[in-house]
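Here the structure comes first, spelled out in structure tokens, and everything after it is commentary.
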Amino acid sequence: MVTIYRAHGLRVIIFTDDHEPAHVHVFGDGQVKINLIGPDGVPALVWAQGMKGNDVRRAVQIVQDQQEAFLARWREIHG
């Protein structure tokens, strides 16, 4: 597990033994999984567990804002 970003009490991580498609997990009070490239080319929420609505929206916004950097980190870790 590699923490690639922290902000607003949220921690964005990539699991080193994870699978395609490229995605991140965001932990705070609960967690979400977000695909880095959704059907329309922008990050897409896969699921959320135990996270408040504003934190889910904030997590999705962070991933949208950092999409290219997070994709680059995914490729460094997973090839």
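Are any residues in the stretch 63-79 closer than 12 Å to Glu20 by Cα and in a loop (DSSP other than H, G, I, E, B), and if so, which ones? Residue satisfying the conditions is Gly79 alone.
Taking the stretch 24-79 as the range and being closer than 17 Å to Thr3 by Cα, basic (Lys, Arg) and out of contact with any strand residue (DSSP E or B) (no Cβ under 7 Å at 6 or more places or on another chain) as the test, only Arg75 passes.
Where strands (runs of 3 or more DSSP E) fall wholly inside the stretch 1-61, the ranges with 1 or more residues that are more than 20 Å from Trp74 (Cβ to Cβ) and either more than 9 Å from the chain's Cα centre (by Cα) or not β-branched (Val, Ile, Thr) (or both) are 23-28, 30-35, 44-49. Candidates Gly53, Gly79, Gly41: the one that is out of contact with any Gly (no Cβ under 8 Å at 6 or more places or on another chain), modelled with pLDDT under 95 and either surrounded by 15 or more Cβ atoms within 10 Å (Cβ to Cβ) or of a type outside the set (A, V, I, L, M, F, W, C) (or both) is Gly79.
The values are calculated or read from the model by the stated rules, or taken from the named source; none is laboratory data. In this text the structure is predicted, and so the values were computed from the model without any measurement. Note that we place each Cβ from the backbone using ideal geometry, even for glycine, and neighbour counts take in every protein chain shown.
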